[in-house]
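Chemist: Sharing a structure here in C-alpha cells format.
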Amino acid sequence: MSANDYKVTVIGGGIGGYVSAIRAAQLGARVALIERADLGGTCLNVGCIPTKVLLHTAELYEELKHADELGLELENKPKVNWQKLQTRRVSIINKLVKGVEMLLKSNNITLIRGEASFLDNKSIKVRLSDGKEEVINSEYFVIATGSEPMIPPIKGSDLEGVIDSTKALCSEKLPEEVVIIGGGVIGIEFASVYSSFGTKVTMIEMMPKLGQSIDSDVAAMLAANMEKSGIQIQTSAKVVGIEKKDGRLCVKYELNGEDKFAYGDNVLISTGRKPVTTGLQTENAKIAVSNRGFINIDSNMKTNVKNIYAVGDVTGKIMLAHVAEEQGIVAVENMLLGSNKTINYDIVPGCLYTKPEVAYVGITEDEAKNRGIDYETGMFPLVNNGKTLITGDVENTFIKVVTDKKYDEIIGISIYGPRATEMISEFSLGINLEVTVDELIETIHPHPTVSEGLKEAVLAVKKQAIHSM
Ligand code: FAD
C-alpha cells in the first residue's frame, strides 16, 4: 500500500464529512479527508454557529429592553456593538474549527487541503493549496461537499448590496433597512436578529405562509409575533426585480395582482441552497446526479456506484447539520460493517432559534391530514405555564401534539416557546420509540419547567389537561 492509498477518503470537511471520517477511523480504517476551504464547512463557518452567536446576543438584547420590568436598573441603555459581536462570532468559530482539526489529528486522519475531483471510481485528483496536484487512491469514498446559497434569476440580484446569508453574517455594519426575500428558516432567523437590533425589516415570501415545514398554527403565531415586533411580512408575494433608486435598493413584487415596492440598504436573498458538485467531475466515476444537481443516494447512503457514498446537503434530503452527521455515521457503518442502517427522515427535529424558539419533530397536523391518518391533537397555551411566565415569552406561545388515534401513539409535536430547541429531543426519542399517550402522561416532568407543558399538551389530547380551561 502506498502513502496515497486509503481505505476511506472523504471529500469535504463539513459536519457530514468530518463525522464520516472520524467514524471510519474509529472502525479501524486508514482515512483521508480532503477540504478545499475551512474545516467545519457551512455549519461552523457560515451557518448554524455564527447565526446562533448573533441570535444569542439578540435574545439578551430583547431581554434587556425589558430591564425595568425584570427589576434591573441599568446605568446606560444597552447598545449593539456590531464590530464586537463580529469579533465574538469569529472567535467562537475559530475555537470550533480548531477543535475539529484536533479531532482529526487524534483519530489519525490525514487532512489534505485542496480541491478534489474524480478520475474514476477508485481515485481522485487533489489540486493542493500550493497549486501542486496529488492522486489519491481509495477503496471507498464519501462525498460530503455540501451546499451553497441559491440565487434565483431575479433581475437586479447582482446589484451591490444584494447579499446572501454568508455575506449578511460578515457584513461590516448593520443595515438600517433590509428586505429579506424568502421566509424560510434562514430568512426568519436573520429577520429576528435584524429586527431586535433595530433594523427595519420587510420579508417577502412567495408561499401563503412562512416556514413551509412548520405546523400552520405555529407559523401563524410566529408571523403574528414577528409583525408585532415591527417586521413587515408579505406572503403570497412574488418578487419581480430589484433596482437601485436614490441610493437605496428597491424590490418590486406582485401582491394580489398589484405592483408593490419595498426598500432597503440591503436585500438578503434566502430562497434556498443548491448542491456543490462543481469541479468534482462526478461523471468520471459515473456517479448519478439528479436533474437539480444533487447526488442520488439509496436508503443506505450509497450512490449508484457501489464503493461511493454521499452524505449531507449534497444529497438534497433534509439540509440540516444533524442530518448530515447522522447520514455520515450510517454511511460509514454500512460501508465498513456491512450493516443495513437507514434514517427515518420523519423523525428529524427542526428548530428555529428565534425569541421565542420554534421546534418540531414528527409529522404536523397538515401532514397527518394529507396522509389520511386518523389523528387527534392536543394544545397547551404556555400562558398557563409558570416558567414561561417568568421568561416573559407568553404571547401566542403554545405546545401542540398530534397523535395517531388507532395506536394512541404520539406522531408529532410542535413547540413555540422558550427553550423549545432544547426540549424537542424528549419527543425525538419518544416518537423514535413509538411512545404512547399514556406512557408520556405517566412520565413525571419537573416543576417549574417549560417541559411540564409537553405533558399538559399530551393530557389535552385526552381532555385531561390540569392547567388549562
Ligand atoms: P458543508 O457544511 O457545506 O461542508 C461541505 C464542505 O465541502 C465545505 O467545507 C466545502 O469547502 C467542501 N468542499 C466542497 N467541494 C469540495 C471539493 N471538490 N474538494 C474538497 N472540498 C470540497 N443546520 C442545522 O442543523 N441547524 C442550524 O441551526 C442551521 N443553521 C443554518 C444557518 C445558515 C445561515 C445556513 C446557511 C445553514 C444552516 N444550517 C443549519 C444547515 C447546515 O449548515 C448544513 O445542513 C450543514 O452544514 C451541511 O453539512 P455538509 O457537511 O453536508 O456540508
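Chemist: Quick one: which strands (runs of 3 or more DSSP E) sit completely within the range 339-414 and have at least 2 residues that are of a type in the set (A, V, I, L, M, F, W, C) and touching a Pro at 6+ places or on another chain (Cβ under 7 Å)?
Modeler: Values: elements: 350-352, 357-362, 375-381, 398-404.
Filter on the range 339-414 gives 357-362.
The rows are residues; the columns are (1) within 22 Å of Ile318 (Cα to Cα); (2) surrounded by fewer than 23 Cβ atoms within 10 Å (Cβ to Cβ); (3) out of contact with any Gly (no Cβ under 8 Å at 6 or more places or on another chain).
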{"site": "Val361", "(1), (2), (3)": "yes, no, no"}
{"site": "Gly372", "(1), (2), (3)": "no, yes, yes"}
{"site": "Glu395", "(1), (2), (3)": "no, yes, yes"}
{"site": "Val402", "(1), (2), (3)": "yes, no, no"}
{"site": "Pro418", "(1), (2), (3)": "no, no, yes"}
{"site": "Thr421", "(1), (2), (3)": "yes, yes, yes"}
{"site": "Lys462", "(1), (2), (3)": "no, yes, no"}
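Chemist: Tally up the residues in the range 130-151 that are more than 9 Å from the ligand (Cβ to nearest atom) and touching a residue at least 60 places away in the same chain (Cβ under 8 Å), please. Even if it seems obvious, please write down each step before you answer.
Modeler: Filtering the range 130-151 for residues more than 9 Å from the ligand (Cβ to nearest atom) gives 130-142, 150-151.
Checking which are touching a residue at least 60 places away in the same chain (Cβ under 8 Å) leaves us with 134-142, 150-151.
Summing the residues that are more than 9 Å from the ligand (Cβ to nearest atom) and touching a residue at least 60 places away in the same chain (Cβ under 8 Å) in the range 130-151 gives 11.
Chemist: Residues of the range 317-342 being among the aliphatic types (A, V, I, L, M) and within 14 Å of the ligand (Cβ to nearest atom), which ones? First the steps, then the outcome.
Modeler: Taking the range 317-342 first, the residues among the aliphatic types (A, V, I, L, M) are 318-321, 323-324, 329-332, 335-337.
Of everything in the range 317-342, those that are among the aliphatic types (A, V, I, L, M) and within 14 Å of the ligand (Cβ to nearest atom) turn out to be Ile318, Met319, Leu320, Ala321, Val323, Ala324, Ile329, Val330, Ala331, Val332.
Chemist: Can you pull out the helices (runs of 4 or more DSSP H) entirely within the range 161-239 that have at least 1 residues that are farther than 20 Å from Leu352 by Cα? Can you show your working first?
Modeler: On the way: elements: 165-170, 185-196, 216-228.
Hits in the range 161-239: 165-170.
Chemist: May I ask you to list the residues in the range 343-354 that are within 13 Å of the ligand (Cβ to nearest atom) and either modelled with pLDDT under 95 or not β-branched (Val, Ile, Thr) (or both)? I'd like the intermediate steps shown before the answer.
Modeler: Just the residues of the range 343-354 that are within 13 Å of the ligand (Cβ to nearest atom), to begin with: 348-354.
Listed by number, the residues that qualify are Pro349, Gly350, Cys351, Leu352, Tyr353.
Chemist: Also, quick follow-up: Quick one: which of Asp38, Asp5 is over 20 Å from Leu169 (Cβ atoms), modelled with pLDDT of 95 or more and of a type in the set (D, E, K, R)? Reasoning before the result, please.
Modeler: On the way: Asp38 fails: over 20 Å from Leu169 (Cβ atoms).
Checking each option against the conditions leaves just Asp5.
Chemist: Could you grab me the full set of residues in the range 1-60 that are farther than 20 Å from Asp313 by Cα, hydroxyl-bearing (Ser, Thr, Tyr) and under 24 Å from the mean Cα position of the chain (by Cα)?
Modeler: Selection gives Thr57 alone.
Chemist: Let me ask something else about it. Would you confirm, using the coordinates I've provided, whether Gly312 is modelled with pLDDT of 95 or more and within 16 Å of the ligand (Cβ to nearest atom)? Break it down into steps so the answer makes sense when it comes.
Modeler: Working: modelled with pLDDT of 95 or more: yes; within 16 Å of the ligand (Cβ to nearest atom): yes.
So Gly312 passes the test.
Chemist: For the range 162-172, does any single residue satisfy the condition of being charged (D, E, K, R), touching a Leu at 6+ places or on another chain (Cβ under 8 Å), in contact (Cβ under 8 Å) with a residue 12 or more places away in the chain and closer than 19 Å to Ile49 by Cα? Talk me through it step by step, then tell me what you get.
Modeler: Step one: of the range 162-172, the residues charged (D, E, K, R) are 164, 167, 172.
This time we only want the ones that are touching a Leu at 6+ places or on another chain (Cβ under 8 Å), so: 164.
Pick out the ones that are also in contact (Cβ under 8 Å) with a residue 12 or more places away in the chain and you get 164.
Still in the list and also closer than 19 Å to Ile49 by Cα: 164.
Checked against the condition, which is being charged (D, E, K, R), touching a Leu at 6+ places or on another chain (Cβ under 8 Å), in contact (Cβ under 8 Å) with a residue 12 or more places away in the chain and closer than 19 Å to Ile49 by Cα, the range 162-172 yields at least one hit.
Chemist: If I ask for residues that are of a type in the set (D, E, K, R) and either within 16 Å of the ligand (Cβ to nearest atom) or surrounded by fewer than 17 Cβ atoms within 10 Å (Cβ to Cβ) (or both), which ones from the range 271-304 would you list?
Modeler: Narrowing the range 271-304 to residues of a type in the set (D, E, K, R): 273-274, 283, 286, 292, 298, 302.
Arg273, Lys274, Glu283, Lys286, Arg292, Asp298, listed by residue number.
Chemist: What residue, among those in the range 151-173 that are touching an Asp or Glu at 6+ places or on another chain (Cβ under 9 Å) and aliphatic (A, V, I, L, M), is surrounded by the most Cβ atoms within 10 Å (Cβ to Cβ)?
Modeler: Ile151
The values are calculated or read from the model by the stated rules, or taken from the named source; none is laboratory data. Everything numeric in this text was worked out from a predicted model, so none of it was measured. All Cβ positions, glycine included, derive from the backbone under ideal geometry; neighbour counts span all protein chains shown.
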